[in-house]
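Here is the structure we will look at.
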Amino acid sequence: MRSGTEPEPNLLELEALVGEAAAAGASYAVSPEVTVVFAENREGLSRVAGPYENNAALARVSQLARQHSIFLHLGSLAVALPDGRFANRSVVFGPDGQVVATYDKIHLFDAALPGLAAYRESATYAGGDLAVVAPVDGMRLGLSICYDVRFPALYRALAEGGAQVIAVPAAFTAPTGRAHWEVLLRARAIETGCFVIAAAQGGVHQNGRATWGHSMIIDPWGEIVAQLPHDEPGVLLAEIDLGKVDEARGKVPALANARPFSLSVNDARPQ
């Protein structure tokens, strides 16, 4: 997607893309991070983002899941919290429109990139503290969002918690996406023996940010099953064979072979 600063155009685009995916046979669909609103700043977000309860955007997405009778994973939206900040929250709906799982993004991107304005997610968002694995469409789905992909411990915990597929809805910046997007996603798939489904924002947005796009689906051996090789909106489809999870983990049993260890840091400087 290429989400803008107002909810209505973004929700209309989501409805069109989900309809296209469902018509092509999808039984599970995931949208990118900040699907509902990609705000310019905290003030812009405060104007349009509401609390989780009785959320109008979530009601629309729930209806969309019912309409197409699919599992619909809203990659994320901003949910207003009592302290004035927001949760960056994924919400997964079942074909009946009921919520199957929610996840609040744990890791927040606070960084200054050369030539770009500083990103300071923690000024706007409160980080979550709970990793989530849920039964979705016959698979065990691990939930993550964007910057989480740089923290392998979370993905290992999801795999150890039973995940067979891990979703990575994202709004990766163009510079970091060009350098790291594919290699990080493939690494997370290889080390966990999971499918990785990464739905991305792409292009230049109304808020002035440029995101990398290149949504992709990766199998547990690290092979790219399908991808959109650009930053334009679109639908990416693939059939998931969960047998490949056991196959990959059987070939390289890294999860089973892991051992606890301690760390010794030796200071070799002369006294």
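All of the numbers you see were taken from the coordinates with simple rules; none came from a lab. Remember, it's a predicted structure, so these values are computed and weren't measured experimentally. Cβ: placed from backbone, ideal geometry, glycine included. Neighbour counts: every protein chain shown.
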Positive-pole candidate from T35, Q67, P82, dipole of region 29-122, charges at beta carbon: Q67
Length added when fully stretched, S46-H180, from 0.36 nm per residue minus Cα-Cα: 45.1 nm
Taking H as built 1.01 Å from N, whose amide H comes closer than 5 Å to the amide H of V225, not counting residues under 5 places away? I217, I218, D219
Using every pair of alpha-carbon atoms in the chain, split the distances into 5 Å bins beginning at 0 and state the percent of pairs per bin, rounded to integers. 1, 6, 13, 18, 19, 17, 12, 7, 4, 2, 1, 1, 0, 0, 0
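So if I place +1 on the C-beta of Lys and Arg and -1 on the C-beta of Asp and Glu, and nothing else carries charge, what would the dipole magnitude of the chain be about its Cα centre? I want it in debye, nearest 20.
600
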Expressed in nanometres to one decimal, the distance between label points 7 Å along Cα→Cβ at V265 and Q98 is 4.9
Using just the helices of the chain, give the 222 nm mean residue ellipticity in deg cm²/dmol: DSSP H runs with n ≥ 4 each add -39,500 (n - 2.57), and the total is spread over all residues, rounded to 500. -7500 deg cm²/dmol
Count the DSSP beta bridges whose two residues both fall in the chain, then state the antiparallel fraction as a percent rounded to the nearest 5. 70
